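These notes concern the structure reproduced below.
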Amino acid sequence: MKVDKLKISTRPRFFFLISKAFFELCLFWKSMNVAQAKQIDLPSLLAQLGCQQQPVTRQGLWYLSPLRDEDTPSFKVWQLPSGLWCWKDFGSGEGGNVIAFANCMIGKETSDKAISDALKWLDRLNGVRVAQAPVKAITAPKSGQIKAIQSDRFTLIDNKRLTNPQLLGYLDERGIPAKLAQGFCGQANYLDNQSKKKFYGVSFPNIDGGLEIRAATAYKHHVNTGAKNISFIPGQKKEAQSLHLFEGFIDFLSYLVLTGQEKPQNPVIVLNSTAFAAQAANYIISNPALAETVKSVITYFDNDDAGQKAFDRMAELFEPTGHQLGDCSYIYQDQNCHDLNDYLKNVPTENRTAFIKSPVKFFDSSATAAHRRTQDYKPKI
C-alpha cells in the first residue's frame, strides 16, 4: 500500500513537469528565430517606430535616422533580390540586416546574447511580417513633370553607372581611362531649379552622401543630396603612415593614372573645395583608425592662390598635432602646370617618371609653410 500511495502522490508532479515542458516548447516554436527575423519587412518596422519615408530621389528608401537626431535623411533602406532587407546609417557608419538594426535600437553589441535579446524585441512588435515584393522608392517624376523637392539650386533625378559617351569622352580628353573613372564615379542626371533645364555630369560622392558633379562643359555643380563635404577613399595598405590630399576628384584620378594604380595604396581625402581644409584636418584627427597610424599628410594642391592658402591653412591646423605636412605641387609647378591633371595632359608619358621619383617636400610647422610661400610658390600666369 505504501508503494501505491507513493505512485499516486507523484503523478501530479509528473504531469506538472510534462505540462511545463510542453508549454515552454510551444513558446519556443511561437517565438521568432533568426531566419524569420531576417525576413521582416523593414519599412513596416520603421513605420511602427514612427519613422516616415523622406522624399529623397536617391536610390533606395531614405529616413531620418531612428538611431540619432538629424535634420537631413541619411538612413538608407533597400531590398536585396532575395527579398531580405538591409540598412545603412551614413551618419554613423552602422548598417546590416534587421537583426543588426534591432541590436542598435536596444543598444547591444553583436553576440549570442544580443541576438537573443534582439529577437525578443522584434517578437514583441506587432504587425511586422515578411515582405513579398520590393517596395518602390520615392523617385523624381518623369521628364516633363519634374518638380523640385529641395529648396537649393539643383535637384538630383538619378545617379547611375557612368556610361554616357560624352562624359567618358570628356574624361578621356583629360587623360582619365573609362574603367578607372567608373570605379569611383557615377553619372548624375539633375535639374536646375532656376532654369528648369536638365543636365548630366560625372558624379563623385562625399562622406555625407552628397555628390560633386562635373559636367562635360567643365562646370562644377554640387547637388545638395547631402551636406557639401570632403570625400574619403580608404587605401589598400594596412596602417599606412601617409595620407594623400587632393583639391578635386579629377586630380585624384590623375594621380592614380600617373602612379599606375587602380586603387590608392594610401588613404585619400579629396577636399572638393579648398574651403574644407579644416574639415579634412578634423576628419584625420578625430578618426581613430587614421589618428593612430597617419603621421604625414601629402598634398597635391593647385598652383594658384587658393591652393597656397589651403596649404598654409593645413600647416596651421597640423602644427599642434605633430603631423608632417608634405607638398608635391612643386613637381608640376616646375613644368608650369596649374594642377595635377594639367601635368597629366601636357607632360609626355616618357617624362612622367620624374613624378614618381621626385621626393616629397615636408614641412612640420606653419613657419616652414611660410617659407614655401616665398621660396617655392610659382603661380602659373
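The values are calculated or read from the model by the stated rules, or taken from the named source; none is laboratory data. Not measured: the values here are computed from a predicted model. We place every Cβ from the backbone using ideal geometry, glycine too, and count neighbours over all the protein chains shown. Protein only, heavy atoms only, side chains kept; ligands, DNA and RNA dropped before computing areas. Shrake-Rupley method; radii C 1.70, N 1.55, O 1.52, S 1.80 Å.
Test Q308 against the criterion of being among the polar types (S, T, N, Q) and within 25 Å of K179 (Cα to Cα), and give yes or no.
no
What is the number of the single condition among (1) open to solvent by less than 20 Å² (accessible area, probe 1.4 Å); (2) of a type in the set (S, T, N, Q); (3) out of contact with any Lys or Arg (no Cβ under 7 Å at 6 or more places or on another chain) that N341 does not meet?
(3)
Is the stretch 149-168 home to any residue that is over 29 Å from Q54 (Cα atoms), modelled with pLDDT of 85 or more and of a type in the set (A, V, I, L, M, F, W, C)?
Yes, the stretch 149-168 contains a residue that is over 29 Å from Q54 (Cα atoms), modelled with pLDDT of 85 or more and of a type in the set (A, V, I, L, M, F, W, C).
Does E262 qualify as being open to solvent by 50 Å² or more (accessible area, probe 1.4 Å), touching a residue at least 24 places away in the same chain (Cβ under 8 Å), more than 26 Å from P177 (Cβ to Cβ) and not aliphatic (A, V, I, L, M)?
no
Considering the stretch 115-139 alone, what residues qualify as being closer than 25 Å to S74 by Cα and modelled with pLDDT under 70?
Across the stretch 115-139, the qualifying residues are L125, V128, R129, V130, A131, A133, P134, V135, K136, A137, I138, T139.
Hey, among F318, F232, F249, which residue is under 30 Å from N193 (Cα atoms), touching a strand residue (DSSP E or B) at 6+ places or on another chain (Cβ under 6 Å) and surrounded by 22 or more Cβ atoms within 10 Å (Cβ to Cβ)? Even if it seems obvious, please write down each step before you answer.
Values: F318 fails: under 30 Å from N193 (Cα atoms); F232 fails: surrounded by 22 or more Cβ atoms within 10 Å (Cβ to Cβ).
Residue meeting the stated conditions: F249.
Considering each residue of the stretch 301-310, count those that are open to solvent by less than 10 Å² (accessible area, probe 1.4 Å) and at pLDDT 90 or above, and give that number.
Final tally of qualifying residues: 1.
In this structure, is S329 of a type in the set (S, T, N, Q), open to solvent by less than 10 Å² (accessible area, probe 1.4 Å) and within 28 Å of A181 (Cβ to Cβ)?
Details: of a type in the set (S, T, N, Q): yes; open to solvent by less than 10 Å² (accessible area, probe 1.4 Å): yes; within 28 Å of A181 (Cβ to Cβ): yes.
In short, yes.
Applying the selection to the stretch 74-84, what residues are buried (at least 18 other Cβ atoms within 10 Å of the Cβ) and modelled with pLDDT under 85?
Taking the stretch 74-84 first, the residues buried (at least 18 other Cβ atoms within 10 Å of the Cβ) are 74-77, 79.
Answer for the stretch 74-84, where residues must be buried (at least 18 other Cβ atoms within 10 Å of the Cβ) and modelled with pLDDT under 85: just Q79.
Taking the stretch 279-319 as the region of interest, how many residues are outside any helix (DSSP H, G or I), within 24 Å of the chain's Cα centre (by Cα) and farther than 24 Å from D334 by Cβ?
3
Identify all residues within the stretch 156-190 that are open to solvent by less than 30 Å² (accessible area, probe 1.4 Å), closer than 14 Å to S203 by Cβ, among the aliphatic types (A, V, I, L, M) and part of a helix (DSSP H, G or I); write none if there are none.
Of everything in the stretch 156-190, those that are open to solvent by less than 30 Å² (accessible area, probe 1.4 Å), closer than 14 Å to S203 by Cβ, among the aliphatic types (A, V, I, L, M) and part of a helix (DSSP H, G or I) turn out to be L167, L171, A181.
Can you tell me which of (1) closer than 28 Å to N346 by Cβ; (2) open to solvent by less than 10 Å² (accessible area, probe 1.4 Å); (3) at pLDDT below 85 is the one G226 doesn't meet?
Every condition holds for G226 apart from (1).
Can you tell me which residue is farthest from I285 (Cα to Cα) among those in the stretch 332-352 that are under 31 Å from the mean Cα position of the chain (by Cα) and not in a loop (DSSP other than H, G, I, E, B)?
K345
Considering every residue within the stretch 267-275, establish whether at least one is in contact with an Asp or Glu (Cβ under 7 Å, 6 or more places away or on another chain), free of Cβ contacts under 8 Å to residues at least 60 places away in the same chain and not in a loop (DSSP other than H, G, I, E, B).
Yes, some residue in the stretch 267-275 is in contact with an Asp or Glu (Cβ under 7 Å, 6 or more places away or on another chain), free of Cβ contacts under 8 Å to residues at least 60 places away in the same chain and not in a loop (DSSP other than H, G, I, E, B).
Quick check: is even one residue across the stretch 26-39 open to solvent by less than 60 Å² (accessible area, probe 1.4 Å), at pLDDT 65 or above, assigned to a helix (DSSP H, G or I) and closer than 30 Å to N287 by Cβ?
no
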